[in-house]
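See below for the structure under consideration.
The values are calculated or read from the model by the stated rules, or taken from the named source; none is laboratory data. Since the model is a prediction, treat every value here as computed from it, not as a measurement. Ideal geometry is used to build each Cβ from the backbone, glycine not excepted, and the neighbour counts take in all protein chains shown. Ligands, DNA and RNA are stripped out before the accessible areas are found, and what is left, the full protein with its side chains, is counted by its heavy atoms. Shrake-Rupley method; radii C 1.70, N 1.55, O 1.52, S 1.80 Å.
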Amino acid sequence: MKVDTQNAGPCKVKVIVKAEADETRADYEEVIKSFMQQGRVPGFRPGKVPREIIKRDFHKEISEEVHGRLIRTLYKKAIEQEKIKMVTLLDVGDVLFSPETGITFSMTLDVQPEFDLPKYKKIPVTFEEPAVTDEQVEEHVGRLRKAFAKFEDAAAGAAVDAGDLVSIDFSGLIDGKPVREVAPEAKSISEGTDFWLQVEEDRFLPEIVNALKGMKAGDTKEVKFKFDKEQPLEALRGKKAAYSVSVKTVRKCVLPADEELLKQVKLDSVEKLREQTRGNLTESAQQAEKQRREQTVIEYLLKKTDFELPESQVSDEISATLDRMANEAHYRGLKREDLEKNREAIIENATATAKRQLRLRYVLGQIADAEKIAVADDEVERKIVELSADFRMKPEQLRAQIMKNGRLETLRTQIRDEKTMQFLLVEAKR
């Protein structure tokens, strides 16, 4: 078998395969034999049809079967022979076959990129030991207390304070026009009746939230401000607005006493609550520090490497990234219409993310090869046990699901990348 390999573009090759008649004769004869045994021709008993009649009457079917058998066998041999790192078989064409001359065909393949690794040892990384202060613990306990707060109708004439729950009527104008006319998609912040909100940052338009503090039930106030340049809705960016805000009902935020709070969190002392809180905050801080260190390594590697990627692999990665984004959007309560409005931006973001992840995977993979970082079967099993706890499944159930979805190699690659990252951090310059 002769194989000729030609460059067909970035991460793409064309492979021309030529096998002589003596290399294809056995497959050809097996196909002919099968058709002679099973072929049905009027006037002949099954299995008794002459060879030449079978070849004539089933010429097309025989050719397709022979082509398929030979291509399936020879393309794998050609790839192994030429040591081609194939990603995807894109196309097979130019097929020529005859029993007397053998077969010739061409393949177009996406292949793995070739690139030089940067110096990956002694990557400069700062290592900080995360610490949790008493103030952070108290702040977190305070937020927890707010989460279990109750709201009671305020006394007559009580002023609105931070944390209170209020019912308001509001309407906004921009250059004398309702906000919804300037930006139809801004209907939810254009006007409202009996609109309930808690007087806290990030709960509504910050200027209105701040203006509510000190107002009383029955008060009306005009609030003027300019939408900032970071406003999500482009039509509102930099626009001057005037809102009329009327307070209708005020409910005071009543924080739970220690006894009630401990009952809610199922602990028997505030000290134990603080201790538990410190442990949780410390774990979160350690995880954040780990991610920061890894991100430093990632940014260094990606900055030092730039290479083309296989188009088919990029396309698959973009699809997977879009699926993840869609799932995340669903959990956040976003509707399909919201996604469609930002379709171009979402696709652009998904493409950049997919290429970045794919490039990093190749870099980490090449480092793993250079350092002979491998993944043993028992490491895969330990990972499955670890993940099964997160998914609340039995390890054997999760393993069966992974196998069914063909994701075992993906999991092995994930473990390899994690081990490679650990290696890079051990070797980092501190």
Could you tell me the center-to-center distance, by alpha carbons, between the range 239-291 and the range 1-64 in angstrom? 73
Need the full-extension length gain, L387 to Q38, defined as separation in residues times 0.36 nm minus the C-alpha distance. One decimal, nm. 120.5 nm
Solvent-accessible ranking of K77, K224, largest area first, probe 1.4 Å: K224, K77
As I understand it, the dipole of the chain uses +1 on the Cβ of Lys and Arg and -1 on the Cβ of Asp and Glu, about the Cα centre. Which of C253, Y75, G43 lies farthest toward its positive end? G43
On the full set of protein chains, 1.4 Å probe, figure out the accessible area of H59 and give it in Å² to the nearest 10. 120
Carbon/sulfur fraction of accessible area - the range 295-406, other protein chains in place, 1.4 Å, %: 48
Heavy atoms of the protein only, probe of 1.4 Å, neighbouring chains included. What is the accessible area of S188 in Å², nearest 10? 80
Accessible area per residue for the chain in Å², computed with a 1.4 Å probe and the full protein assembly in place, what is it? 64
When each of K224/K248; K177/K248; K187/K216; K18/K77 is checked by Cα-Cα distance, pairs over 18 Å: K224/K248; K177/K248; K187/K216
Which links in K12/K304; K85/K404; K146/K341; K12/K303 stretch past 28 Å when you go from one Cα to the other? K146/K341
Quote the accessible area belonging to V385 in square angstrom, nearest 10, computed with a 1.4 Å probe and with ligands, DNA and RNA left uncounted. 80
Among D202, D153, D306, which one moves the most in a GNM of the chain with springs linking Cα atoms closer than 10 Å? D202
Among (1) 23.4; (2) 29.3; (3) 29.9, only one was calculated for this model; which label is it, if the read-out is Kirkwood radius over Cα pairs in Å? (2)
Report, to the nearest whole %, how much of the accessible area of the range 1-113 belongs to carbon and sulfur atoms, 1.4 Å probe, protein only. 50
With a Förster distance of 35 angstrom and the Cβ-Cβ distance between E23 and T351, calculated FRET efficiency to the nearest 0.05 equals 0.20
Which shape class, rounded, prolate or oblate, goes with the range 278-401 when its Cα gyration tensor gives a ≥ b ≥ c as root eigenvalues, a/c under 1.5 marks rounded, and past that a/b bigger than b/c marks prolate? rounded
For the chain, give the magnitude of the charge dipole about the Cα centre (Cβ charges: +1 Lys/Arg, -1 Asp/Glu; no others), in debye to the nearest 20. 700
